[in-house]
Each structure stands twice: as C-alpha cells, then as structure tokens.
Amino acid sequence: MSEYIQQICKGDPETVDMDSNQLDLASKYVKKQVDSGHIPLGYMFVVRKGKIVLDKYFIHPKVLEQEIKIYSNSMFPIASVTKPLSATLAMKMVEMGNISLETPVAEYMSEFGQKGKDSITLRHLLTHTSGLSDSLVGQNGRPKPTSFDEVIEIICQQPLMFQPGSNFSYSTPGFEVVVELIQKTSGVEWEQLSKELLFDPLNMTNSYFNTPKAPTDKAIPLFNRALEIDYSPYQSGLDPHHYFEFNMGGGNGISNPRDIAVFCQMMLNKGSYNNVQILSPVTVSRMTEPQFQWWNSGSKLTLQEKPDFVSQGLGWMVRNKSHYRGSDLMSAKAFFHGGAYGMRAIVDPEYDLITIFLTSAYHDPSYPNNRNRSSYPWLTHHHQIQQIFSNMTYAAIRK
C-alpha cells in the first residue's frame with residue numbers, strides 16, 4: 001500500500017505538474033457562472049498526485065442574503081453521486097460472500113421476483129440494465145410512498161421496461177433494491193453498515209446516506225431557479241423523484257468536497273486509503289470497467305441522440321468509444337458520476353487526477369430532458385458548467 005498516496009493534503013500546483021494560471025482561469029469561469037445567476041454557488045475541489053491544488057467556492061449575492069455560509073465541514077446534497085458509495089458497500093458484500101453479482105436478487109428477496117423480475121441480478125441493478133423504471137409515482141393512480149418499505153413494495157410490484165441485460169435505462173429505484181438486498185443478506189441496518197465499512201474507516205465525518213438518523217437538515221439547502229431556498233423540496237414539485245424523501249442508496253446522500261475526494265482517492269489507490277484497505281484492487285478494477293460490451297457496438301455508437309449514461313461500470317460511469325460525459329479530455333481509464341443537484345466527480349488513473357464540481361440546485365422537470373439548450377437553460381447549465389470546468393482543469397496538466 002505504500003506506493004499509493006495515503007492522505008491527500010494541500011499542495012502547490014506546479015509541484016505536481018499543473019499550471020496554477022490555468023486553474024485560476026477555471027475558477028474564474030465558475031465565478032462568472034455564479035455571478036450571472038446560472039447556479040446559486042459553485043464549489044471546486046481538485047486533487048493531483050495526492051495534492052489538493054484547488055479548493056475554492058463562490059456564492060451568488062442573493063444566496064448570501066439568505067444567510068448561507070460554507071465552512072470546511074459543510075455538507076451538500078450529492079444526489080446520484082450517492083450511487084458509487086452504495087455500490088462500494090454492495091461490492092464489499094460480494095467480497096464477504098454475502099451476495100453474488102450473478103445470483104438472481106429474487107433468491108435473496110422472494111417478493112422481488114414477480115412480474116418478470118426473477119432473473120434480475122445485482123450486476124443488472126448496479127449497471128442500470130435491470131429494466132426497472134426510474135419513476136415510481138403516478139402509476140395506476142397510486143399515492144406517493146410514505147416510507148422506504150413502501151418504496152420497495154412499489155418496486156417489487158412494477159413491471160419491467162425490457163428484458164434484464166438487454167438494454168440500458170437509468171434507474172434510481174434499482175439502487176433502493178440494492179440497499180434492501182444488503183440489509184437482508186447482512187442482517188445489518190444500512191446506517192450502521194455504511195458507518196462501519198465505509199465512512200468511519202475513511203474518516204468521512206461529513207458524509208451520510210439518507211437514513212432516519214442522518215443530519216440532512218444541517219446540509220446546504222437546495223435552491224430553485226430564482227436562487228431561493230426551497231423549504232419544502234418534496235412538496236414543491238421541483239424534484240423529479242418524489243420518493244427521494246425515503247431514498248437511501250440511490251440519490252439522497254449528503255457529503256462534502258473533501259470527503260468525496262478521500263473516497264475518490266481510495267478508488268485511485270485501488271481500494272486503500274490511510275493504510276486501510278476498503279476494497280480489493282481486483283474489485284476496484286472490475287467496478288471501473290464496462291460490464292456489457294454491447295455499449296460499444298455499432299448500433300449504440302451511431303445513434304443520433306446518444307443516451308446520457310451509455311456506458312456503465314458497477315456504480316460508476318465509464319468511458320467508451322463515444323461517451324465523454326465526464327470531460328471531453330478525460331482518458332480511456334477515467335470513471336465518474338454526476339448528480340441531479342449539480343455535482344460531478346471524475347477520477348482519472350492515467351493522470352492521477354480527481355476533479356470535483358458541486359452546486360446545490362434543483363433540476364426543473366417542467367423543462368424537457370433533451371439537448372436543446374435554448375429550451376431548458378437551467379437543466380443544462382449543470383452539465384455544461386461541469387463539462388467546461390473539467391476540461392479547463394485537465395488543460396492545467398503539464399506532464
């Protein structure tokens with residue numbers, strides 16, 4: 001383990017072959033986006049070769065007027081960046097022999113096997129190839145769920161969109177099944193498991209899944225398009241997933257930039273950090289490679305409108321021949337994940353680089369989910385700002 005960076009720390013960009021002037025340009029770009037009101041705030045955190053070369057944030061004046069302050073231990077809603085954390089615990093269970101990637105989930109959870117779901121495996125759930133929908137609300141006039149158990153019950157009763165493993169459709173509910181699967185097979189509650197196997201060993205003291213004891217009320221709030229705090233996020237209609245209030249593993253975690261950077265450094269270190277082995281190097285390698293090679297097939301690569309998440313590792317997005325969602329400049333070895341509230345983390349082993357961008361803003365489902373920037377600027381600004389910031393960060397690498 002000594003060959004890896006065991007603790008990240010502040011450092012001068014030039015000592016790790018990065019251009020501080022280029023990083024300043026990247027910061028100024030984000031500041032311009034914040035000052036223009038495109039996003040309420042922007043937090044940048046960049047690590048190269050274990051050195052924190054950029055740790056900076058900007059807040060819009062209107063947000064400051066609402067008495068929002070950011071500290072070193074401030075927590076943010078990280079939306080779907082929660083998924084790689086959940087996947088890590090799932091793979092830990094695989095390593096411990098509690099579950100298998102290829103065994104049908106219904107063998108552990110019999111109630112899950114109805115309506116064609118008897119062949120869905122953990123691999124399908126972690127790669128969004130299960131055929132499960134991304135929505136639970138409004139089906140057959142059913143009311144919104146009021147607990148995590150009801151979320152699982154609804155998922156179990158839903159029909160599939162396609163045969164497991166034959167196609168791809170992003171599914172946050174699939175990760176709620178992962179949580180339930182892990183709890184059932186380990187006999188340990190999600191909160192305790194995450195604390196013992198992930199957060200405590202990595203000293204991620206400002207990170208939590210959305211469990212009943214999580215201090216979610218202490219996180220930086222979410223802002224609407226008017227840059228105003230949304231005090232009733234699950235009743236406002238702005239959240240595309242109305243069950244997020246009871247979502248534990250797929251999209252409602254809270255964390256902060258340094259904690260996420262530590263987690264990413266653990267992945268760069270092939271599973272270790274601060275001389276603690278979280279995962280085997282073999283497991284990390286499997287998590288960060290494409291799981292289904294048809295993603296690189298001609299039929300997928302020639303689509304006029306390519307799916308946003310067309311290449312998937314185990315809980316991580318990975319690059320394929322046409323998919324550069326994390327950054328236009330990332331290497332073929334890079335893996336990454338984004339979140340609906342404006343966060344993106346990219347880990348690039350080829351350049352020993354971690355880039356983290358974070359804001360705290362809702363996607364507005366009144367805008368269609370397409371690529372026409374003129375028709376839904378708020379939804380696109382997250383993606384566009386993340387992409388450009390990451391590109392500018394990569395451009396700071398000198399060798």
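Please treat every number below as a calculation from the coordinates, not as lab data. Small disclaimer: the values here were computed from a predicted structure and weren't measured. In this analysis, Cβ positions are derived from the backbone assuming ideal geometry, glycine residues included, and neighbour counts consider all displayed protein chains.
Here are the numbers for the structure shown:
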quantity: Alpha-carbon centroid distance for the pair segment 90-105 / segment 1-73, whole angstrom; calculated: 37 Å
quantity: Positive dipole terminus of segment 10-122, leading residue within P61, S119, S100 (C-beta point charges); calculated: P61
quantity: Amide H partners (placed H, <5 Å) of Y273, local residues excluded; calculated: I278
quantity: Amide hydrogen neighbours beyond the local backbone of S133, cut-off 5 Å, H modeled; calculated: M161
quantity: Hits among lysines - C-alpha to C-alpha of K32 under 17 Å, sequence gap 8 or more where chains match; calculated: K56, K62
quantity: Cα gyration tensor shape for segment 44-90, rounded if a/c is under 1.5, else prolate or oblate; calculated: oblate
quantity: Where labels lie 7 Å past Cα in the beta-carbon direction, separation of K31 and Y170 in nm; calculated: 3.1 nm
quantity: Relative exposure of Y394, Y71, judged by other C-beta atoms within 10 Å (fewest first); calculated: Y71, Y394
quantity: Kirkwood hydrodynamic radius over Cα pairs of segment 1-71, then Stokes diffusion coefficient at 20 °C and 1.002 mPa s, in µm²/s; calculated: 157 µm²/s
quantity: C264, C9 arranged by Cβ crowding within 10 Å, fewest neighbours leading; calculated: C9, C264
